[in-house]
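The values are calculated or read from the model by the stated rules, or taken from the named source; none is laboratory data. Values in this document were obtained by computation on a predicted structure and should not be read as measured data. Reconstructed Cβ throughout: ideal geometry from the backbone, glycine too, with neighbour counts over all protein chains shown.
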Amino acid sequence: MNGYLGKILRVDLDAGTLCDEPLNEIYARKFVGGSGLAARMLYDVLSNAEVDIDPLGPDNPLIWMTGPLVGTAMPSAGRCSVCALSPLTGIWGESNTGGFIGPELRFAGYDGLLITGRAGRPTWLSIVEGRARLHDAADLWGCDAYETQGRVRARMATSKARVACIGAAGENQVKMAAVINDRGRAAGRTGMGTVMGSKNLKAIGVHGSARVPLADPEGLERAAREIIAGLDGDLATMSLQLAGTASVVDMALMFGSMPIRYYQQGEWEEASNLSGVLMAEHFQNRRTACYRCPIACGRETRAPSYGQARVDGPEYETLGAFGTLLLVDDLEAVIYAGHLCNVHGLDTISTGCTIALACEMYEREILSASDTEGIELRYGDVHMVHRLIEMIAHRQGFGDVLAEGSAALADRFGVPELAVTVNRLEVPMHDPRAFAGMVIPYALSPRGACHMQGDMYGVDIGLSPTVELGIVPGDRLETTEEKGRIAARHQAWRSLYNALILCQFQNPGVERLLAALNAVTGWDVGADDLLPLGKRIVTLKRLLNMRIGLTRADDRLPELLLRPLKDGGTEGRVPDVEALLSGAYAEHGWHPETGSPLPETTSDLGL
């Protein structure tokens, strides 16, 4: 199988056994890899289960999956998907991470891992040159994510080993716990670190020298050279190289896309203090890059006021979640908040959103000091934010309540309408009132609100259009059925990206991507095959979630995002959700009233 190592490592933590199994070639051809192939594997597990699977139970499979481009010469293809049923949302959960862990897993000899059961005591897994072993991790339990990576790497006796692990949040089964790798890279969303913790699996270390078999090595090298050359003078690339994803802050504020005061305020003058340019000038140490990435959007920064000379990040999402959302304009304090999340293994989006919701509920007197054990929850209080991050990670006091996430917090106090979540996953830092096309990747994302399922803000400002596939830029405030169709096509396109797996900052165009994919796999895929591949993955995840109990009524936006703001770049408008959904259902071939894939759709897609 060109483009694949051809095997999966199956780990049974209950029995303490490890075995190789061949990669299903038919599944790989239809679902490619990454979260697409992982979803197909999980669908089989759900179909064969006699009872409903508890996301925190031993039967919930934790699936690590690479894709055919990962670990090859393809630029910016250094990612890895981590998937399972989500303990935060109860539905399909997926996250992906950059760095080097994905390519190194392939070099160690595997396309992916399927991990089931629960170890009787803390355990870590090593995979070196195709040989896998389980080890006692009792002395690692309690170590933070950075310390764990260093200690596991030392035990593997090579500085070239790559390690993914959990921190205190995963150990304590905080519902928004992340998996941390390559220092501060994270598979952050949907609680995949929580699943790892529930299995008593502290870390995974990988190293090897295998190489991905290629159908046309010279053809891949040509495509890679063309893709890298195409980045010269590219505005998006230049911005990312200058200030990382934080370069988006000023533009997002102008459009009204960066949410302020828990999604309820259109403008805030102090938000400019969080600019990526200021971060680059005052706190940046250096740029960092993932495997074979010429863009290098990562940042190593510092927070000297907090005694930190080397901090990973923060990304744009972190600046929003701990900055504008909480009315904190102290850039160094936000950098440190992101650092605390990395140390303890927390998703910055869900953590920041949950703290911001708590502040809003305190301000509305839904929460009182008696509920918070005397802690005053006030917007703008950075010391409170840092304290709550620690409490959440360790499930201490009121942190134990926050550790369940925003939807659970709002439910607990009888105000479910206040939680800005979709299917219990916190909404990222891209307000759909500013870019109406974001309604679709939020309302129809298989994992809950997700900007990684279709970055329509990028399309409508001309940074990531794919006109060959009908993904064309337009009026960012348009809420027509046609806009819904475009957003659905982009959702399918990004679903394919998440299967290949390719970083979404790399947009080489259809022709160059096809050249690379075919050179790797030898498949002879054409432009007309790309959207159907993506739609097959989107629809499979839809079917999976509907087996769990998701319905058409769950395709919605939270109430606070349907209220017009008086000021800012959204011009007092809200998107027409039903019009956009109508277009998306038509594009995906789903029933307009039930949201279920139509029989002819599943037939056409080979499902």
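Please specify each residue of region 108-117 satisfying the condition of being over 21 Å from the mean Cα position of the chain (by Cα) and surrounded by 24 or more Cβ atoms within 10 Å (Cβ to Cβ). So that I can check it myself, show each step before the final result.
Step one: filter region 108-117 for residues over 21 Å from the mean Cα position of the chain (by Cα), giving 108-110, 116-117.
Passing the criteria: Ala108, Tyr110.
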Taking region 477-491 and keeping residues in contact (Cβ under 8 Å) with a residue 60 or more places away in the chain and either in contact with a Lys or Arg (Cβ under 6 Å, 6 or more places away or on another chain) or surrounded by fewer than 22 Cβ atoms within 10 Å (Cβ to Cβ) (or both) leaves Leu477, Thr479, Thr480, Glu481, Glu482, Arg485
Going through region 139-167 one residue at a time, which ones are outside any loop (DSSP other than H, G, I, E, B), under 20 Å from the mean Cα position of the chain (by Cα) and among the hydrophobic types (A, V, I, L, M, F, W, C)? Ala145, Val163, Ala164, Cys165
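State whether one or more residues within region 1-19 are without any contact (Cβ under 8 Å) to a residue 12 or more places away in the chain and either over 18 Å from the mean Cα position of the chain (by Cα) or not assigned by TED's automatic domain parsing to the domain that holds Cys503 (or both).
Initial filter on region 1-19 (without any contact (Cβ under 8 Å) to a residue 12 or more places away in the chain): 17, 19.
Within this subset, residues satisfying the condition of being either over 18 Å from the mean Cα position of the chain (by Cα) or not assigned by TED's automatic domain parsing to the domain that holds Cys503 (or both) are 17, 19.
For region 1-19, residues without any contact (Cβ under 8 Å) to a residue 12 or more places away in the chain and either over 18 Å from the mean Cα position of the chain (by Cα) or not assigned by TED's automatic domain parsing to the domain that holds Cys503 (or both): present.
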Considering residues of region 37-54 that are outside any helix (DSSP H, G or I) and among the charged types (D, E, K, R) only, the residue surrounded by the fewest Cβ atoms within 10 Å (Cβ to Cβ): Glu50
Just one listed residue, out of Gly120, Gly102, is under 16 Å from the mean Cα position of the chain (by Cα) and either in a loop (DSSP other than H, G, I, E, B) or crowded, with 24+ Cβ neighbours inside 10 Å (or both), and it is Gly102
Any residue at all in region 76-89 that's surrounded by fewer than 24 Cβ atoms within 10 Å (Cβ to Cβ) and either farther than 19 Å from Ala210 by Cα or in the same structural domain as Ala164 (by TED's automatic domain parsing) (or both)? no
Residue ID - nearest to the chain's Cα centre (by Cα), chosen from residues in region 500-516 that are crowded, with 24+ Cβ neighbours inside 10 Å and outside any loop (DSSP other than H, G, I, E, B): Leu500
Kindly provide the set of residues from region 519-556 that are over 23 Å from the mean Cα position of the chain (by Cα) and crowded, with 20+ Cβ neighbours inside 10 Å, ordered by number. Ala519, Val520, Thr521
So the check is Cβ under 6 Å with 6+ separation or different chains; which pairs have a first residue in region 164-175 that's in the same structural domain as Gly191 (by TED's automatic domain parsing) and surrounded by fewer than 24 Cβ atoms within 10 Å (Cβ to Cβ) and a second one that's among the polar types (S, T, N, Q) and at pLDDT 95 or above? Gln173/Thr194; Gln173/Ser198
With respect to Asn545, is the statement that it is at pLDDT 95 or above and in contact with a Phe, Trp or Tyr (Cβ under 6 Å, 6 or more places away or on another chain) true? yes
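Counting residues that are of a type in the set (Lys, Arg), which strands (runs of 3 or more DSSP E) fully inside region 176-235 reach at least 1? It would help to see each step written out before you state the result.
Numbers: elements: 179-181, 185-187, 201-207.
Where strands (runs of 3 or more DSSP E) fall fully within region 176-235 and carry at least 1 residues being of a type in the set (Lys, Arg), they are 185-187, 201-207.
Among the residues of region 345-364, is any among the acidic types (Asp, Glu), crowded, with 18+ Cβ neighbours inside 10 Å and either on the phi < 0 side of the Ramachandran plot or modelled with pLDDT under 95 (or both)?
Quick first cut of region 345-364, residues among the acidic types (Asp, Glu) only: 347, 360, 363.
Subset that is crowded, with 18+ Cβ neighbours inside 10 Å: 347, 360.
Next cut, either on the phi < 0 side of the Ramachandran plot or modelled with pLDDT under 95 (or both) only: 347, 360.
Yes: region 345-364 contains one or more residues that are among the acidic types (Asp, Glu), crowded, with 18+ Cβ neighbours inside 10 Å and either on the phi < 0 side of the Ramachandran plot or modelled with pLDDT under 95 (or both).
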Scan region 13-36 for residues that are surrounded by 15 or more Cβ atoms within 10 Å (Cβ to Cβ) and over 23 Å from Pro103 (Cα atoms) and report the count. 1
So Arg225 clears everything in (1) touching a helix residue (DSSP H, G or I) at 6+ places or on another chain (Cβ under 9 Å); (2) modelled with pLDDT of 95 or more except one condition, right? Which one? (1)
How many of the residues in region 262-295 are under 30 Å from Tyr362 (Cα atoms) and either hydroxyl-bearing (Ser, Thr, Tyr) or over 23 Å from the mean Cα position of the chain (by Cα) (or both)? 13
Arg155 - would you say it is touching a residue at least 12 places away in the same chain (Cβ under 8 Å), surrounded by fewer than 23 Cβ atoms within 10 Å (Cβ to Cβ) and not acidic (Asp, Glu)? yes
Residue ID - surrounded by the most Cβ atoms within 10 Å (Cβ to Cβ), chosen from residues in region 186-218 that are aliphatic (A, V, I, L, M) and more than 30 Å from Val520 (Cα to Cα): Val195
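Here are Gly142, Gly98, Gly67, Gly117: which of them is outside the structural domain of Gln308 (by TED's automatic domain parsing), touching a Gly at 6+ places or on another chain (Cβ under 7 Å) and more than 21 Å from Thr288 (Cα to Cα)? So that I can check it myself, show each step before the final result.
Working: Gly142 fails: touching a Gly at 6+ places or on another chain (Cβ under 7 Å); Gly98 fails: more than 21 Å from Thr288 (Cα to Cα); Gly117 fails: touching a Gly at 6+ places or on another chain (Cβ under 7 Å).
From the options Gly142, Gly98, Gly67, Gly117, the qualifying one is Gly67.
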Specify which of the listed residues (Val459, Val427, Val439, Val472) is among the β-branched types (Val, Ile, Thr), modelled with pLDDT of 95 or more and surrounded by fewer than 24 Cβ atoms within 10 Å (Cβ to Cβ). Val472
